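Working notes for the structure below.
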Amino acid sequence: MSRPEPDMFDELCPSSFLPVRMGHKWAPLVMRLLEATPLRFGELRVALHRTSPKELTRALRTLERDGFVSRTAASRVVTYELTPLGRSLLGPLKVVYEWTAEHWDELLDARDPVQA
């Protein structure tokens with residue numbers, strides 16, 4: 001096995017530019033919610049009741065910055081919806097969801113009970 005090159009992850013490497021960062025757990029969930037219809041912030045909050053408004057705002061801003069979600073403000077109503085680019089990522093996300101469901105018990109067993 002060869003050693004990795006020191007510059008294998010330069011700033012233009014696709015691995016360093018993952019559109020939905022795995023470290024931001026709410027972004028893929030927001031995308032799943034927006035799959036069916038545009039939603040307001042409050043509607044997203046109801047579905048994602050385990051997150052704080054600050055974290056949800058961060059997820060929405062990240063998704064908007066990366067071109068996956070658009071924000072529309074009409075009067076006092078702000079809605080979020082998936083862009084065509086965001087919709088194109090739903091297929092790969094579904095593969096990850098299916099893999100997670102298939103390996104759910106193994107993932108739970110592998111977790112350190114202190115961290116869970």
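Structure data summary
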item	result
Residues that are in a helix (DSSP H, G or I) and closer than 19 Å to Lys94 by Cα, drawn from region 32-71	Arg32, Leu33, Leu34, Ala47, Ala59, Leu63
Whichever residue in region 70-94 is of a type in the set (Ser, Thr, Tyr) and in contact (Cβ under 8 Å) with a residue 12 or more places away in the chain and, among such residues, is nearest to Arg40 (Cα to Cα)	Thr79
Residue list for region 72-91, restricted to those being assigned to a helix (DSSP H, G or I) and modelled with pLDDT under 90	none
Selection from region 39-62 of residues that are touching a residue at least 40 places away in the same chain (Cβ under 8 Å) and either surrounded by 15 or more Cβ atoms within 10 Å (Cβ to Cβ) or under 26 Å from Thr100 (Cβ atoms) (or both)	Leu39, Thr62
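This table checks each residue for (1) within 20 Å of Met31 (Cβ to Cβ); (2) among the charged types (D, E, K, R).
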site	(1), (2)
Arg61	yes, yes
Gly67	yes, no
Val78	yes, no
Lys94	yes, yes
Glu102	no, yes
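The values are calculated or read from the model by the stated rules, or taken from the named source; none is laboratory data. These numbers come from a predicted model, not from an experiment. Please note: Cβ atoms are built from the backbone with ideal geometry, for glycine as well, and neighbour counts cover all protein chains shown.
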